[in-house]
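Before any comments, here is the structure.
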Amino acid sequence: MALAACGGPYSALAPAGPVAANVALLWWIMAAGATIIFLAVFVALAIVWRRPALLGAAPERRLILWGGLALPGAILLLLLAAAFVLGERLVAAAREDEGAIEVIGRRWEWSFRYPGAAGAVSTGTLHIPAGEDVAFRVISEDVIHAFWIPRLGGKIDAIPGHVTRIRLRADAPGVYGGVCAEFCGTDHAAMFFRVEAHPPERYADVLAGLARETGQ
Amino acid sequence: MTERMTDPDAPPATPTPPSEPPRLSPIRLHKALSAAWGTPPGLGRLSAVNHTVLGKRFIIAAFVFFAIGGALAMLIRVQLATSETAFVGPDVYNQFFTMHGSVMMFLFAIPMFEGFAIYLLPKMLGARDMAFPRLTAYGFWCYVFGGAILVAALVAGVAPNGGWFMYTPLTSSTYTPGINSDVWLLGVTFVEISALTAAIEITVSVLKLRAPGMSIDRMPIMAWYLLITAFMMLFGFPPLILGSILLELERAADLPFFDPLRGGDPLLWQHLFWLFGHPEVYIIFLPAAGAVSMMIPTFARHELVGYRTVVVAVMAVAFLSFGLWVHHMFTVGIPHLALAFFSAASGLVAIPTAVQIFAWLGTIAAGRPRYDVPMLYLGGFLAVFVIGGLTGVMLAMVPFNFQAHDTHFVVAHLHYVLVGGFVFPMLAATYYWLPHITGRACERRLAVPAFWLIFVGFNLTFFLMHLTGLAGMPRRVWTYPESAGWDGLNLLSSVGGFLTAMGFALFVMDIVVQLRFGRRFRRNPWQARTLEWATPTPPPAYAFAALPRIADRADRLDPGAIGVALARGEGYLGFDRDGRMETLAVEMASGAPQQVVVLPKPTYLPLATGLATGAVVLALLFKLYLVALLGLAATLALFLAWTPSCGARADSGPLPIGMGETAPPHWEAARPPSWWAMVFTLAADATLFGSLLFGGVFLAVVGPAVPAPPIVLPPALLIGAGAALVAGAAAAAFAVRRLVAGRSPAAALLAALVLPLAAVALLLPVIGGLGDPTLHASRAVTFVTLAYLILHALIAALFAGFGLWRMRAGFLSATRSLDLRLGALWHGYSAAAGIAGLAFLCGLSLLGVVLPAVPGVEGGPP
């Protein structure tokens, strides 16, 4: 069953880009750490119940100090530092957005506008070049949606009156699934989209083709 | 007495000290106290104000709502069991999950803990009731009527359908034109009245209504937990109530607080909601943790280790919980450094939680632990809650949150935290305290299989759901395609859900069996060492025939010996004084006896007031605003009808309270419970107002830059209104001084009545000259701020009028000045809010002047 989560077109644990890969790695480290901590708590419970003598005389203070303060403090500090470094690459890097693809959420579909490609627009399918960072400007025309391509990493909300930004990269050409993650009403469940990552050398042609379709 | 009030030269009457009522035999004392405290039978039950009765009613009602929420959960699991299930469509499904969340949060968790608190607190503290029994009853009716409105909407198919956190603009009138959102906004706010009344009551009861000698550092640990929780409610609920009012105003009157095209911002709703919503999680968890801290010492046969450390840890949790609401909003585009701050705060909260867990483990290590049914459920609590805490730390990490947010991973996490942190401890608490309610000892036969069904079923449902979320399944989808690969996990989750439901069915059967066939016992079946076990079981209406003197920490007592002595009337108030319902109030820190609190008799007024309030809510729901206004007047009149039975028309002086000591009745004391209740009410009110000002600043500074039309605020009117409010407050304070000095406060009261009305008269043209408040959010904020100040000035005038009425009716004297002092508190707050609000409006209109200076904007949006 655990394997089921690791596969599939929408699995955050089947990363296809650096952001998703880093978060997946973070997840596996945290999952392992959490398992160890969970087991440690129950080993501690077994000891205090059955063999408190193992803890020496008057163990209460040491239990509270080490188990309650020192250990979780140290773990948290490490984790926060790692998450901050990773977050800088994920969130902070999304600031500049020259040439960003504009993502428009509306009930209940996604449209994508490609600047610099003669007004090319696509709905339901997002075209990106593989192997390079792609910047997105995300807006909404009605209610709040959330733009999420699990295998590439991170999601960002589409909020009316706001512009949000995110940068993603697909390592290899291929097709990836995208979903709306923020509840947006009746057909929220149907607000999937398709991501096609093209080899960089063919990307300009794809956009030109899109521009022709849009023009018609 | 009225004569004396108008004649300043009359000498103050010196009351003759009354003698102590005669001692009675235990049986006759029981009969006399039962007659005084009992709830009438038959329809008279609707007049109940007793905490034992109402505590049980809260618990039963909360359990009924839990069953409703659980049934909804099962329907959700049926729908999601396989891909493309044709069971219900999205319109029904969206109501199911919204109602499941809302029912569980607002109609189950909070009222359930309130029920436990109301039933147990006075008994743990050695008091005969809560501080405001009629308020308990009113809160109960508000809760039941509000819940009924929500459930009726579900039956009628017009239940809220925007998710339990009601994000706008989805819940705005544009995208939800029906009454679905109004049902939530009005119904939940109605229920929250009961949360606020309970918070005030718990705070005052813990601080004031304790057994003599129980200093604050001797309180049972649960009293600490409940005190801190109640404080959190006082400051956590007002932002949500304000948010609900603003969103309802936007829906009903088109005031654009959240509309980005007119200077509003949907993110303001999220800030207000989570400013409440995150503390809410700890408001639910902490009382349960308090119950855990009571049960572990009993079964470890050792007092809680690190009592002070635990108190500090709980305070730290409470403090931190107000600083991490943004972790629900990591993906709305907030700069990373700010996210990192909230991320650290969110992680940090794990430390005081871990301190509590290890204090419990330390208690077991220090004692001689013994197994029984509650301990089994506490084992389940530990396992489930620790997992929830660990996934909580994961979600606090920004990069991981970006992937997991709004997926089933979060659904799994929040169920681990809430079911682990609340439901399992409450199941344990039910088995622990049920013998107290029924007088019958706990049986194991069904309790153990029920536990395993619930525990295995729960983990099957929700452990796998972490993986479903990581596999990319967003929350709140009514269906999913087979190609997504989520079928297997979802089917197993549904199977687990039905196992859990069977476990709860078995639990209900077990409770019924225990009620019918449990073995009767005398007293204290668990050999606990806290005071609630010193009452007879089941407890009589008066709880204690006499109040004990506490000479040690309240978890080191011998309830058996204390209970026998108290039943004989040995202790404070161990007598019947003219059938009055009396308990003691103590000095807050030291626990020295201070006042005799005389509590009100059973009355239908809370029911009538609750019905009138319900009529207001229904009228607002169906947009009958004139009816709503009439209902409001009726509610107010009914509240005033509560007062004639309070206080006295003659000075009594100190009364004997037994043990050779005396204390004045509470209305002759300097700081009676109602004085503190007013202080805490105003603190909550100030939080609401502060949230409004925060909203105004947020919209002006952070919100979408839509140029605002100018706001005209005539300075003369504002300064005049502010001055009138301050002068009114001074007059109200002066009235108190006159009265206490034995002189007539009539003239000062009249001034305190007229001056706020003058302020209203000055503010009305300001509101009138504002122009259309629907044009821009800054105008709407100005409008609401002015309306808030006008409302407070009107209530201040009402207090002054009330003072005059009480004076004429003879309730006031130099020693009986409470009514005026309550009014003076309100006046003082209204003046302070007036100054702050008017200054804020001036600032806001200055911002409005500055903003249109941006080139290219003239009136409407570009």
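General remarks:
- Residue-wise HN-Hα couplings along the stretch B:86-93, as the Karplus relation 6.51 cos²θ - 1.76 cosθ + 1.60 with θ = phi - 60° gives them from phi, are 9, 9, 10, x, x, 5, 6, 4 Hz; Gly and Pro carry x.
- For chain B, the Cα gyration tensor yields ellipsoid semi-axes of 42, 40, 22 Å (square root of five times each eigenvalue, largest first, whole Å).
- Apolar share of the accessible surface for chain B: 72 percent from carbon plus sulfur atoms, 1.4 Å probe.
- With a Cα cut-off of under 28 Å and a minimum spacing of 8 residues unless on different chains, the lysine pairs in the protein assembly as shown number 10.
- For chain B: accessible area per residue (Å², 1.4 Å): 33
- Proximity of backbone amide H atoms, modeled 1.01 Å from N, is registered between B:ILE550 and B:GLY213, B:MET214 at under 5 Å, excluding neighbours fewer than 5 places apart on the same chain.
- Of the peptides B:512-519, B:311-318, B:98-105, the ranking by mean beta-carbon count within 10 Å, highest at the top, reads B:98-105, B:311-318, B:512-519.
- Taking the average, over residues, of other Cβ atoms within 10 Å as the packing measure, peptides B:628-640, B:390-402, B:434-446 rank B:390-402, B:434-446, B:628-640 from highest down.
- Diffusion constant of the protein assembly as shown at 4 °C, which comes from Stokes-Einstein with the Kirkwood Cα-pair radius and 1.567 mPa s, µm²/s: 42
- Relative contact order for chain A, counting Cα pairs under 8 Å that sit 6 or more residues apart, in percent: 23
- Structure-based [θ]222 nm, chain B - -39500 (n - 2.57) summed over DSSP H runs of at least 4, per residue, nearest 500: -21500 deg cm²/dmol
- Scanning residues 5 or more positions from A:GLY153 or on other chains, those with amide H under 5 Å from its amide H are A:ALA20, with H placed 1.01 Å from N in the peptide plane.
- Residues of the stretch B:400-419 whose accessible area (probe 1.4 Å, heavy atoms of protein chains only) drops by at least 40 Å² once all protein chains are present, relative to their chain alone: B:PHE400, B:PHE402, B:GLN403, B:ASP406.
- For the residues A:LEU69, B:LEU196, a 1.4 Å probe over the protein chains yields an accessible-area ranking, largest first, of A:LEU69, B:LEU196.
- 3J(HN,Hα) from dihedral phi, the stretch B:718-727, Karplus parametrisation 6.51/-1.76/1.60, rounded to Hz, x for glycine, proline: 5, 5, x, 5, x, 5, 5, 5, 5, 5
- Near A:MET191, the amide H atoms lying under 5 Å from its own belong to A:CYS180; only residues 5 or more places off or on other chains count, and H is placed 1.01 Å from N.
- Inter-site label distance for A:VAL43 and A:ALA81 at 7 Å from Cα along Cβ, in nm: 2.4
- Here B:LYS56 sits with roughly 80 square angstrom of accessible surface, probe radius 1.4 Å.
- Peptide A:70-82 has a mean of 4 when you count, residue by residue, the C-beta atoms of other protein chains within 10 Å of its C-beta.
- Between chain A and chain B, roughly 6400 Å² of accessible surface gets buried, counting both sides and using a 1.4 Å probe.
- Counts of other chain beta carbons within 10 angstrom of each beta carbon in peptide A:40-46 average 4.
- Placing pseudo-labels 7 Å out from each Cα toward the beta carbon at B:LEU337 and A:ALA58 gives an inter-label distance of 4.7 nm.
- DSSP-defined beta bridges in the stretch A:94-215 - what % are antiparallel, rounded to 5: 70
- Packing here is the average count of other Cβ atoms within 10 Å per residue, and on that basis the peptides A:128-138, B:566-576, highest first, run B:566-576, A:128-138.
- For the peptide B:477-484, the mean number of other protein chain Cβ atoms found within 10 angstrom of a residue's Cβ is 5.
- Vicinal HN-Hα couplings computed from phi for the stretch B:206-213 (Karplus, 6.51 cos²θ - 1.76 cosθ + 1.60; Hz; Gly/Pro x): 5, 6, 10, 9, 10, 5, x, x
- The distance between label points at A:GLU132 and A:LEU25 comes to 2.5 nm (points 7 Å beyond Cα on the Cα→Cβ vector).
- With contacts taken as Cα pairs under 8 Å and at least 6 residues apart, the stretch B:240-317 reaches a relative contact order of 19 percent.
- Whole-number percent relative contact order across chain B, with pairs defined as alpha carbons under 8 Å at least 6 apart: 18
The values are calculated or read from the model by the stated rules, or taken from the named source; none is laboratory data. Small disclaimer: the values here were computed from a predicted structure and weren't measured. So basically every Cβ, Gly included, is an ideal-geometry build from the backbone, and we count neighbours across all protein chains shown. Surface accessibility is based on the protein's heavy atoms, side chains included, excluding ligands, DNA and RNA. Shrake-Rupley method; radii C 1.70, N 1.55, O 1.52, S 1.80 Å.
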